[in-house]
Amino acid sequence: MRKCPVRFWERFRRNNIHSMKHAHTYNLSVADVAEHFALNPRTIRARLQSGDLDGVRTDGQWRLCWADVFAAEQGPTPSKARLASYKRPLLSKKGFGSEWKLSKRTVERRIAEGLPTRKVFGSVRIAPHDAENWMRKRFNIPSARQKAKRRQQQAHEKQEQSGSATA
C-alpha cells in the first residue's frame, strides 16, 4: 500500500475541516465574488491562493462565504438588517460616476467630502446603498420610494381633475 505524503494530509485537513464546519455557508464562486468586487476572477483566485482572501477548495473549485467576502473589504461589517443591501455588487469610481453621471474628478471630490467607501485589495469601491443614502442626505435628493410616491400622487390628482372636468 502506497503511503500519502504528510503534506497532502495537512492540506486536506486544513481545507476540509474548515469546509465541514461551515459547509452550508460556502455558496459563492470565484465569479460571484469577482462580480461583487468589480474585479477580474484571476485577481480573486490569486488572492485566495496567497491567503489574502479566505475560501475553501472543493472538487477543484474555490468556494467562499459572505463573511469572508466582507472580511476582505476594509470597511465596517454590515448589520444583519442591512446585509441584503450589501450583497449588491460594489461600484468602482468609474461605475459610480457613470451611474450618477459624474466625472472621475467629481467622484474623487465626493470621496474627499465623505462619500463612504470600502477598500478591496487596494482598490476603492463604493457600496451602492451607502452612496445612495449619502447623496440623498448631502444633496437633498429624493429616494426612489419618494419619487414613486410623488408620481402616484400626481397620477391620482390627474385622474381627479379629468373626472371632475367630465362631470
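The values are calculated or read from the model by the stated rules, or taken from the named source; none is laboratory data. Just so we're clear, the structure is a prediction, and the values are computed from it rather than from any experiment. As a convention, Cβ positions derive from the backbone with ideal geometry for all residues, glycine included, and neighbour counts pool all protein chains shown.
Quick check on my filter: what residues within the range 84-109 are of a type in the set (A, V, I, L, M, F, W, C), assigned to a helix (DSSP H, G or I) and surrounded by 13 or more Cβ atoms within 10 Å (Cβ to Cβ)?
96, 100, 107, listed by residue number.
Before we move on, is residue 143 in contact with an Asp or Glu (Cβ under 9 Å, 6 or more places away or on another chain), farther than 29 Å from residue 47 by Cα and either modelled with pLDDT of 90 or more or of a type in the set (Ser, Thr, Tyr) (or both)?
yes
Can you say whether residue 110 is in contact (Cβ under 8 Å) with a residue 40 or more places away in the chain and either among the charged types (D, E, K, R) or touching a Ser or Thr at 6+ places or on another chain (Cβ under 8 Å) (or both), as far as the supplied structure shows?
No.
Does any residue of the range 62-76 turn out to be in contact with a helix residue (DSSP H, G or I) (Cβ under 7 Å, 6 or more places away or on another chain) and in a strand (DSSP E or B)?
The answer is yes, given that some residue of the range 62-76 is in contact with a helix residue (DSSP H, G or I) (Cβ under 7 Å, 6 or more places away or on another chain) and in a strand (DSSP E or B).
Just to be sure, is residue 110 at negative phi, within 16 Å of the chain's Cα centre (by Cα), among the charged types (D, E, K, R) and outside the structural domain of residue 26 (by TED's automatic domain parsing)?
no
How many of the residues in the range 113-140 are surrounded by 14 or more Cβ atoms within 10 Å (Cβ to Cβ), outside any helix (DSSP H, G or I) and not basic (Lys, Arg)?
Looking only at the range 113-140, we keep the residues that are surrounded by 14 or more Cβ atoms within 10 Å (Cβ to Cβ), and these are 115-118, 120-121, 123-136.
Still in the running and outside any helix (DSSP H, G or I): 115-118, 120-121, 123-127.
Within this subset, residues satisfying the condition of being not basic (Lys, Arg) are 115-117, 120-121, 123-124, 126-127.
The number of residues fulfilling the criteria is 9.
Scan the range 37-81 residue by residue and report those that are in contact (Cβ under 8 Å) with a residue 60 or more places away in the chain and surrounded by fewer than 16 Cβ atoms within 10 Å (Cβ to Cβ).
Within the range 37-81, just 52 meets the criteria.
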